[in-house]
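Shown next, in C-alpha cells, is the structure this report addresses.
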Amino acid sequence: MGHIWLIGLMGSGKSAVGSVLAERSGLPFYDIDDRVERISGRTVSDIFFIEGEDAFRNLEADQLRTVAAEPDGIVATGGGSVLAESNVATMSDSGTVVLLEVTPETAAARIGDAGTRPLLGGDTLERLADIFADRAVAYRVAAEVVVDGNDDVETVADRVETACDM
Ligand code: S3P
C-alpha cells in the first residue's frame, strides 16, 4: 500500500487527521515536524530563527527520506514540504500523496494565535492567504488525491479513508 502522505497548508489538519487515521487503522503515525524537533533538539521556530529556513528545509527533507524507508504508515508533513520537487518525488515514490485542501479562513480559524509558527505573525489570515496563493499550484501538482479539509477531523478522516480505499 505504501505510506499515506498528508500535505497541505498550516492548519489544514494534517497532524490531527493523521493521528485519527493511524488510530483507526493501527498503522504507525509519523509527524515530520516532531521528528525534526526531536533529532535537532530544537523547536521548529528556533531552527528557523537561529539557523535559518534553509537549515530547516534540509532537516525536513532528511526526515521525509528517512520516513519513506520506514514501515507503511500515515505521515503528517510540514506545510512547506511540497516546495522541493525532490520531496514530492520521495513521497510519491513511497505511497499516496493526499492534499487536505482548506481555505485560508479555515486554516486561520484553527491556528488562532500564530505563536509557534515561524512563517506566520502579524495578520495570520493575510499571511496564510499569501502562502496559499504561492503554493496552491504546488499542492495540486503534488497531490494524487485531494480531500476537502474544511470540516471536523473525523469527517475529513472518513474522506481520506474512502478516497484511498483504506
Ligand atoms: C511550514 C509549516 C509548518 C512547519 C514550518 C514551516 C510551512 O508545519 O513545517 O513552520 O512552510 O508551511 P505545519 O504545516 O505542520 O504547521
* To do: Determine if the range 60-75 includes at least one residue that is of a type in the set (A, V, I, L, M, F, W, C) and within 10 Å of the ligand (Cβ to nearest atom).
  => no
* Do you know which of the residues in the range 1-44 that are in a loop (DSSP other than H, G, I, E, B) and away from the ligand (no atom under 14 Å from the Cβ) is surrounded by the most Cβ atoms within 10 Å (Cβ to Cβ)? -> LEU27
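Are any residues in the range 86-108 more than 13 Å from the ligand (Cβ to nearest atom) and either touching a residue at least 40 places away in the same chain (Cβ under 8 Å) or more than 29 Å from PRO28 (Cα to Cα) (or both), and if so, which ones? Show your work before the answer.
Of all residues in the range 86-108, those more than 13 Å from the ligand (Cβ to nearest atom) come to 86, 88-98, 101, 103, 105-106.
Listed by number, the residues that qualify are VAL88, MET91, SER92, SER94, GLY95, THR96, VAL97, VAL98, GLU101, THR103, GLU105, THR106.
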* **Condition broken by ALA61, with the remaining ones in (1) open to solvent by 10 Å² or more (accessible area, probe 1.4 Å); (2) under 16 Å from the mean Cα position of the chain (by Cα); (3) touching a residue at least 40 places away in the same chain (Cβ under 8 Å) satisfied** => (3)
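The values are calculated or read from the model by the stated rules, or taken from the named source; none is laboratory data. Remember, it's a predicted structure, so these values are computed and weren't measured experimentally. As a convention, Cβ positions derive from the backbone with ideal geometry for all residues, glycine included, and neighbour counts pool all protein chains shown. The accessibility values were calculated without ligands, DNA or RNA, using every heavy atom of the protein model including side chains. Shrake-Rupley method; radii C 1.70, N 1.55, O 1.52, S 1.80 Å.
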